[in-house]
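The values are calculated or read from the model by the stated rules, or taken from the named source; none is laboratory data. Computed from a prediction, not measured in an experiment: that's the story for all the values here. Methodologically, a virtual Cβ is constructed for each residue, glycine included, from the backbone with ideal geometry; neighbour enumeration extends over all protein chains shown. Remember, those area values only see protein heavy atoms, side chains included, never the ligands or the DNA or RNA. Shrake-Rupley method; radii C 1.70, N 1.55, O 1.52, S 1.80 Å.
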Amino acid sequence: MQTYSLVARTRDFLVIDKAPGISVHRDNAEVGLLQQISADLECDPLYLVHRLDKMTSGLLVLACHSEAASILSRQFQERRVEKYYIALSDQKPRKKQGLIKGDMERTRRGSWKLTTAQHNPAITRFFSCSPMPGMRLFLLRPLTGKTHQLRVALKSIGAAIIGDTRYHGATETAVDRGYLHAWGLAFDWQGERCEYLCDPGIGELFLKDAIKQQLENWKPPAAQAWPAT
């Protein structure tokens with residue numbers, strides 16, 4: 001199985017499309033993802049400046065040297081990077097659009113839940129539609145960067161992500177992946193605006209015509225194309 005594809009390469013950073021089910025850390029694999037990419041591209045060791053969950057596919061930025069790593073990491077930490085995700089649920093949400101906001105509290109076995117407290121809230125802006133019967137497609141923009149934020153946010157409104165074994169209950173039909181994908185990224189680099197968009201290439205449901213057509217209608221997320229609410 002291909003673990004990634006290269007989206008963009010500059011002297012300072014790479015942008016890849018990470019496959020679902022691949023950890024950004026060494027995990028139990030003999031060779032970690034960053035080490036594999038360095039070997040494939042015959043480049044110096046790469047730096048991880050942000051993360052995607054193992055189940056999540058999509059856009060991941062990797063710095064090529066320590067200076068770029070410091071600058072990019074700071075942009076992510078200071079929430080100056082625009083991030084857009086898409087997700088699929090087979091459950092009807094309690095609301096179709098708006099903000100999901102609340103403190104996140106750790107529960108058992110590494111899971112999290114959203115609370116009503118607002119001391120240090122996770123904030124997610126979202127819009128959704130139903131491109132096909134029994135299916136809800138979400139466009140998500142996290143305004144904070146908490147662990148499991150988007151997965152917990154959708155769970156909190158009654159629409160857990162398909163294939164999310166941690167937060168979605170058992171389903172009668174088998175699914176081929178967790179249906180969360182990092183779709184768009186936008187940030188400033190050396191006075192220029194860098195914008196990247198990457199449709200999911202893996203997942204039977206993501207590849208259905210109705211889903212692909214809706215994604216076309218939503219493009220580009222980083223250029224004031226947020227759906228009207």
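Taking the numbered list (1) part of a helix (DSSP H, G or I); (2) open to solvent by 20 Å² or more (accessible area, probe 1.4 Å); (3) without any contact (Cβ under 8 Å) to a residue 60 or more places away in the chain in turn, Arg166 passes all entries but (1). Tyr47 falls short of the stated requirement of being of a type in the set (Phe, Trp, Tyr), buried (at least 16 other Cβ atoms within 10 Å of the Cβ) and closer than 22 Å to Ile161 by Cβ.
From Gln35, Gln2, grab the single residue that is open to solvent by 70 Å² or more (accessible area, probe 1.4 Å) and outside any loop (DSSP other than H, G, I, E, B).
Numbers: Gln2 fails: outside any loop (DSSP other than H, G, I, E, B).
When all the criteria are applied, what remains is Gln35.
Does Met55 fit the bill of being of a type outside the set (Asp, Glu), out of contact with any Asp or Glu (no Cβ under 7 Å at 6 or more places or on another chain), modelled with pLDDT of 95 or more and more than 19 Å from Arg11 (Cβ to Cβ)?
Numbers: of a type outside the set (Asp, Glu): yes; out of contact with any Asp or Glu (no Cβ under 7 Å at 6 or more places or on another chain): no; modelled with pLDDT of 95 or more: yes; more than 19 Å from Arg11 (Cβ to Cβ): yes.
Spelling it out, it is not the case that Met55 is of a type outside the set (Asp, Glu), out of contact with any Asp or Glu (no Cβ under 7 Å at 6 or more places or on another chain), modelled with pLDDT of 95 or more and more than 19 Å from Arg11 (Cβ to Cβ).
Scanning the stretch 107-122 for residues that are surrounded by 12 or more Cβ atoms within 10 Å (Cβ to Cβ) and either assigned to a strand (DSSP E or B) or over 21 Å from the mean Cα position of the chain (by Cα) (or both) yields a total of 5.
State yes or no: is Leu197 within 20 Å of Tyr4 (Cβ to Cβ) and surrounded by fewer than 21 Cβ atoms within 10 Å (Cβ to Cβ)?
Details: within 20 Å of Tyr4 (Cβ to Cβ): yes; surrounded by fewer than 21 Cβ atoms within 10 Å (Cβ to Cβ): yes.
Considered against the rule, which asks whether it is within 20 Å of Tyr4 (Cβ to Cβ) and surrounded by fewer than 21 Cβ atoms within 10 Å (Cβ to Cβ), Leu197 comes out as yes.
Looking only at the stretch 137-156, residues that are open to solvent by 10 Å² or more (accessible area, probe 1.4 Å) and assigned to a loop (DSSP other than H, G, I, E, B) come to 5 in all.
In this structure, is Arg74 part of a loop (DSSP other than H, G, I, E, B), surrounded by fewer than 20 Cβ atoms within 10 Å (Cβ to Cβ) and of a type outside the set (Asp, Glu)? Break it down stepwise before answering.
Details: part of a loop (DSSP other than H, G, I, E, B): no; surrounded by fewer than 20 Cβ atoms within 10 Å (Cβ to Cβ): yes; of a type outside the set (Asp, Glu): yes.
Here the answer is no, as Arg74 does not meet what is asked.
Yes/no matrix, rows are residues, columns are (1) surrounded by 14 or more Cβ atoms within 10 Å (Cβ to Cβ); (2) assigned to a loop (DSSP other than H, G, I, E, B); (3) of a type in the set (Gly, Ala, Ser):
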| position | (1), (2), (3) |
| --- | --- |
| Leu60 | yes, no, no |
| Ala68 | yes, no, yes |
| Lys92 | no, yes, no |
| Ile100 | yes, no, no |
| Glu105 | no, no, no |
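Among the residues making up the stretch 180-216, those that are of a type in the set (D, E, K, R) and either closer than 14 Å to Tyr84 by Cβ or touching a residue at least 24 places away in the same chain (Cβ under 8 Å) (or both) are Asp188, Glu195, Asp199, Glu204, Lys208.
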